[in-house]
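Structure record follows, encoded as structure tokens.
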Amino acid sequence: MPLSNGPYLVRGRAWIDRNDYAVVRIEGLLAKKPSIWVGSPKITQDYAKQGAFWLPVTSSSITDAPIFGRTTLGIQTSAYEVSATPDPTRASK
């Protein structure tokens with residue numbers, strides 16, 4: 001659970017791959033409401049391994065907004081072309 005209420009933080013659960021320690025799925029509510037018009041969206045993001053990288057494949061958001069009612073947004077990402085492989089000897093600074 002986040003210690004603060006930043007606009008990009010999620011209160012919820014994360015699934016981690018046991019071999020790569022990569023995020024596989026995130027599910028929860030935004031720690032801070034984006035606005036009074038949006039309410040508290042429930043978000044779900046799924047990731048899949050594409051070559052050596054874990055990349056997003058689906059994102060969805062469901063919210064019950066006070067004025068607009070229930071709103072659903074879904075995004076699917078596909079056809080990644082990964083052309084580089086990470087160099088394990090090169091550390092980021």
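The values are calculated or read from the model by the stated rules, or taken from the named source; none is laboratory data. All figures in this text were calculated on a predicted structure; none of them were measured in a lab. As a convention, Cβ positions derive from the backbone with ideal geometry for all residues, glycine included, and neighbour counts pool all protein chains shown. Side chains included, ligands, DNA and RNA excluded: accessible areas come from the protein's heavy atoms. Shrake-Rupley method; radii C 1.70, N 1.55, O 1.52, S 1.80 Å.
Residue-wise HN-Hα couplings along region 61-75, as the Karplus relation 6.51 cos²θ - 1.76 cosθ + 1.60 with θ = phi - 60° gives them from phi, are 9, 10, 9, 10, 7, x, 9, 8, x, 6, 10, 10, 10, x, 10 Hz; Gly and Pro carry x. Note on the chain: the alpha carbon radius of gyration divided by the globular reference 2.2 N^0.38 Å gives 1.32.
Work through the residues other than GLY6 whose Cβ is under 15 Å from its Cβ and net out their charges, Lys, Arg +1 and Asp, Glu -1. Result for the local shell: +3.
Surface calculation, 1.4 Å probe, protein heavy atoms: ILE36 sits at approximately 130 Å² accessible.
Within the accessible area of the chain, the carbon and sulfur atoms contribute 56%, probe 1.4 Å, all protein chains present. The alpha-carbon of LYS49 sits under 16 angstrom from the alpha-carbons of these aspartates and glutamates, leaving out residues fewer than 8 places away in its chain: ASP17, ASP20, GLU81. For the pair THR58 and THR71, the difference between a 0.36 nm per residue extended length and the Cα-Cα distance amounts to 3.0 nm.
Could you do me a favour and compute the accessible area per residue for region 2-52, 1.4 Å probe, result in Å²? Mind showing how you got there, number by number?
Details: 3670 Å² over 51 residues.
So region 2-52 comes to 72 Å² accessible per residue, rounded to a whole number.
Using a ≥ b ≥ c from the Cα gyration tensor of region 2-53 (square roots of the eigenvalues), is it rounded, prolate or oblate, where a/c under 1.5 gives rounded and otherwise the larger of a/b and b/c decides, a/b for prolate? Cα axes put region 2-53 in the prolate bin.
Relative contact order, whole percent, for the chain stands at 18, derived from Cα pairs under 8 Å and 6 or more residues apart.
Dipole size of region 1-46 about its Cα centre, with +1 on Lys/Arg Cβ and -1 on Asp/Glu Cβ: approximately 240 debye, rounded to the nearest 20.
Among the chymotrypsin sites (Phe, Trp or Tyr not before Pro) in region 1-39, which ones are in a DSSP loop with at most 11 other Cβ atoms within 10 Å of the Cβ? Mind listing them? When the chymotrypsin sites (Phe, Trp or Tyr not before Pro) of region 1-39 are filtered for loop state and at most 11 Cβ neighbours within 10 Å, TYR8, TYR21, TRP37 remain.
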